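Right, one structure below, let's go through it.
The values are calculated or read from the model by the stated rules, or taken from the named source; none is laboratory data. What you see is a predicted model; the values in this text were computed from it and never measured. Here Cβ is always computed from backbone atoms with ideal geometry, including for glycine, and neighbour counts include all displayed protein chains.
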Amino acid sequence: MSAVLQPTSGSGKRPSSPILPSPAAANAAAASFAALTARLDYLDPSEVDLVRKAYRFADESHLGQMRASGEPYITHPIAVAAQCAEWKLDAQALMAALLHDAMEDCGVTKPQLIERFGVVVADLVDGLTKLDKLQFNTREETQAESFRKMLLAMARDVRVILVKLADRSHNMRTLEDVPREKWNRIAGETLDIYAPIAHRLGLNNSYRELQELSFRYLKPWRYAVLSKAVSRARSRRRDLIQKVHRDVENAFAAGGLEVRIGGREKTLYSIYKKMDEKHLSFAQVTDIYGFRIIVPTVTDCYTALGVLHQLYKPVPGRFKDHIAIPKINGYQSLHTTLVGPSGVNVEFQLRTEAMHLVAESGVAAHWLYKASVPREENTERLGTKWLQSLLDIQSETRDAAEFWDHVKIDLFPDAVYVFTPKSQILALPRGATVVDFAYAIHSDVGDHTVAARINGAQVPLRTELKNGDVVEVVTAPVSTPNPAWLGFVRTGRARSKIRHHLKTLAQAESQQLGEKLLAQALRAEGMERLPPDDETYHGTWEKLLRFTGNKSRAELLTDLGLGKRIAGIVAKRLMTLLTELGEKPDALLISRERFTAHEHVSQGGLTLDGSENASVQFASCCRPVPGDTILGYLGRGEGLVVHTTDCTVAKRLQNKDSERFIGVEWADEPVRPFETGILVTVANGKGALARVAAALANAEADITHVDMDDERAQDATDLRFVVSVRDRPHLESVLRNLKRTHSVMNAQRIRPGGTDPRTI
């Protein structure tokens with residue numbers, strides 16, 4: 001009988017007895033609950049009764065269901081509840097642990113659970129239920145969606161993830177009963193998803209166990225070889241470890257320090273990772289064994305460190321103070337590596353009893369040690385702060401795969417610790433930049449960042465942060481996120497905030513452009529201005545939206561700005577609807593508009609001054625500048641693209657898609673400079689490039705890109721520049737200035753389809 005009970009104890013051993021007949025199986029389940037009851041001594045009798053009530057309901061629901069091992073299915077929920085009882089979780093969490101598969105596998109509904117066990121328990125069970133009824137294209141997408149739901153529940157109540165981790169731990173302990181072809185998928189998922197979550201929440205015991213079990217099933221041969229090697233090393237080094245233990249004990253006794261000394265052995269997975277990453281043999285891994293020193297107070301931690309450093313010499317560079325600067329999951333300890341007897345390195349971890357509890361149980365310490373842990377509030381806050389940041393990302397990112405990318409980035413356990421100017425410590429993923437730091441402080445700070453200083457020195461925004469950096473962010477109210485930031489930001493929060501802002505900005509600008517285009521097209525039909533969306537014209541707009549298939553006026557205008565609809569066609573329909581209301585087109589306006597319209601375009605004109613941002617693009621094939629004759633092409637979903645009239649690309653598009661061209665012209669005073677390409681041929685010689693750059697600077701033309709031929713043996717070299725100029729006269733002045741420069745043989749504008757096809 002005891003063999004059957006083993007899974008519920010959380011020991012990880014598999015039952016060795018054969019499948020029992022039904023009555024014996026029922027007895028086994030009842031006895032298992034009796035074993036669980038013995039662990040519930042921290043609950044009130046009334047709470048134990050509630051847990052028993054949940055057990056009976058789960059037992060009835062799973063009646064007749066068996067696990068892959070042949071045991072009654074109820075043994076699994078009981079084992080999960082036993083693990084939760086180890087963490088001293090409350091009655092509601094234990095009830096959810098017993099009921100966690102009832103909705104998924106037994107057809108029990110949430111209203112039924114609410115009626116019998118209350119809203120809180122039903123919410124916990126619902127948060128744990130998988131999304132098996134939804135269909136997705138790929139397994140990873142399913143994982144992403146399930147994980148999102150889990151996180152939503154988790155951010156509201158951290159007990160959901162604790163029960164989920166207990167569930168996964170028991171499934172991994174009994175994975176040997178599952179068909180071998182499923183091992184890789186389940187163990188890989190555990191290693192990639194659940195072990196990092198356990199680490200992030202500070203559940204060190206669960207983290208180590210999940211890693212170890214995943215390693216055992218992902219790489220069984222390596223696991224077996226390493227297991228034998230560690231066993232042999234353990235017997236060889238037993239005397240050495242005992243000597244270190246005695247020496248340390250005597251040193252603390254002589255110093256009058258009250259300590260508790262425990263041993264710590266490196267897990268097989270962490271040994272394998274170290275060997276793999278640093279290309280070491282097993283014999284070269286020296287810190288397999290270590291010691292934990294538990295002392296009464298924080299001051300004693302540092303005193304004990306001094307005693308150890310007097311006993312054995314410390315290894316340089318191997319001391320870490322995680323008490324002054326805790327890890328992101330709340331972990332606190334002093335770490336030091338000492339050179340022990342026979343030159344063997346021995347690692348020591350020094351911490352208080354409260355720190356030890358947090359180190360082993362993380363956020364579960366909230367229940368384990370409520371009254372006695374002074375940093376308990378901080379521990380819970382550190383755990384849930386990360387969950388809340390993921391919830392923020394989820395609210396802005398509806399695409400499951402994109403959200404999964406953010407989550408995988410934020411699950412990366414390594415962190416750098418930096419300071420704000422007011423000495424507040426911030427933990428960020430390794431490789432995080434100044435922009436990540438700004439968004440970690442607040443999304444408004446990130447959105448308006450213009451510059452930064454690290455340790456008092458001005459640095460680019462893409463600078464990666466290092467441990468101990470003091471970071472100061474400079475903001476400006478007019479500044480907005482730059483799309484280029486997406487190329488270097490590291491955190492999911494920063495990436496989602498930037499994308500959200502750019503998407504909102506582009507939509508607003510496209511809507512404004514669409515309104516201009518429709519107003520221009522309506523003028524060509526004889527109507528002076530666009531009708532407002534008021535009581536008089538509401539019915540007209542409703543009919544127009546039914547014609548275009550849009551849900552709202554804003555959506556229609558955005559589609560026009562993005563080129564998804566043709567303004568001329570929409571304007572003709574709108575004019576027909578306005579005529580039905582009794583409004584007549586202005587014949588004089590029609591004549592004037594048609595007289596001024598471009599011959600080669602089919603839609604009304606538009607004036608450009610350079611302030612249009614994302615809604616208008618200036619084509620890189622011809623790079624138009626004020627003074628050039630231009631026309632606009634409404635690409636499908638791209639917004640308005642402006643070309644010069646002699647651009648070969650524009651001519652090719654006109655032959656295929658002429659109705660998508662609109663007339664555009666420059667404003668009298670453009671508000672910014674525009675980029676164009678120039679080709680400068682220089683005689684090879686010392687300082688030629690410097691003289692050309694100086695000539696461009698003197699002509700007030702900013703260089704944004706430069707490229708040159710790799711023809712050093714030739715007498716002359718072609719230099720291709722992209723420069724910013726105000727207008728065409730300014731460009732001609734720049735070219736004249738270049739031609740007067742020493743060693744410049746020729747300078748000309750790069751034209752599409754001209755003699756130099758390699759445009760920049």
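Residue under question is residue 727, and the condition is that it be charged (D, E, K, R), in contact with a strand residue (DSSP E or B) (Cβ under 6 Å, 6 or more places away or on another chain) and either surrounded by 14 or more Cβ atoms within 10 Å (Cβ to Cβ) or in the same structural domain as residue 569 (by TED's automatic domain parsing) (or both); does it hold? Criteria met by residue 727.
Give me the residue from the range 62-72 that is assigned to a loop (DSSP other than H, G, I, E, B) and in contact (Cβ under 8 Å) with a residue 24 or more places away in the chain and, out of that set, nearest to residue 43 (Cα to Cα).
Initial filter on the range 62-72 (assigned to a loop (DSSP other than H, G, I, E, B)): 62-65, 67-71.
Going one step further and asking which of them are in contact (Cβ under 8 Å) with a residue 24 or more places away in the chain, we end up with 62, 65, 67-71.
Numbers: 62: 26, 65: 30, 67: 30, 68: 33, 69: 32, 70: 32, 71: 28 Å.
Per the criteria, the residue is 62.
Scanning the range 209-257 for residues that are under 30 Å from residue 82 (Cα atoms) and touching a residue at least 60 places away in the same chain (Cβ under 8 Å) yields 209, 213.
In summary, helices (runs of 4 or more DSSP H) completely within the range 80-119 and bearing 1 or more residues that are closer than 23 Å to residue 41 by Cα and within 32 Å of the chain's Cα centre (by Cα) occur at 91-99. With respect to residue 46, is the statement that it is modelled with pLDDT under 80, within 26 Å of residue 126 (Cα to Cα) and among the small types (Gly, Ala, Ser) true? So residue 46 fails the test. Pairs linking a residue in the range 338-352 that is surrounded by fewer than 17 Cβ atoms within 10 Å (Cβ to Cβ) to a residue that is assigned to a strand (DSSP E or B) and charged (D, E, K, R), with Cβ atoms under 7 Å and 6 or more positions apart or on different chains, are 339/313. So, residue 205, is that one part of a helix (DSSP H, G or I), in contact with a helix residue (DSSP H, G or I) (Cβ under 7 Å, 6 or more places away or on another chain), under 21 Å from residue 348 (Cα atoms) and not basic (Lys, Arg) or not? Spelling it out, residue 205 is indeed part of a helix (DSSP H, G or I), in contact with a helix residue (DSSP H, G or I) (Cβ under 7 Å, 6 or more places away or on another chain), under 21 Å from residue 348 (Cα atoms) and not basic (Lys, Arg). Looking only at residues in the range 197-248 that are more than 17 Å from residue 292 (Cα to Cα) and among the β-branched types (Val, Ile, Thr), which one is surrounded by the fewest Cβ atoms within 10 Å (Cβ to Cβ)? Ranking the candidates gives 225 first.
Within the range 684-702, the set of residues being surrounded by 14 or more Cβ atoms within 10 Å (Cβ to Cβ), of a type outside the set (Gly, Ala, Ser) and not in a loop (DSSP other than H, G, I, E, B) comprises 689, 691, 692, 696. Within the range 674-718, if we keep just the residues that are of a type outside the set (Val, Ile, Thr) and touching a residue at least 60 places away in the same chain (Cβ under 8 Å), the residue that is farthest from residue 738 (Cα to Cα) turns out to be 674. If the condition is being free of Cβ contacts under 8 Å to residues at least 40 places away in the same chain and touching a Leu at 6+ places or on another chain (Cβ under 7 Å), then the range 439-479 contributes 449, 452. Listed by first and then second residue, the pairs linking a residue in the range 295-312 that is more than 12 Å from residue 258 (Cα to Cα) to a residue that is polar (S, T, N, Q) and outside any helix (DSSP H, G or I), with Cβ atoms under 7 Å apart and 6 or more places separating them unless they lie on different chains, are 298/352; 305/336; 308/336. Could you go through the range 738-755 and let me know if any residue there is closer than 28 Å to residue 608 by Cβ, at pLDDT 90 or above, out of contact with any Phe, Trp or Tyr (no Cβ under 7 Å at 6 or more places or on another chain) and in a helix (DSSP H, G or I). Yes, some residue in the range 738-755 is closer than 28 Å to residue 608 by Cβ, at pLDDT 90 or above, out of contact with any Phe, Trp or Tyr (no Cβ under 7 Å at 6 or more places or on another chain) and in a helix (DSSP H, G or I).
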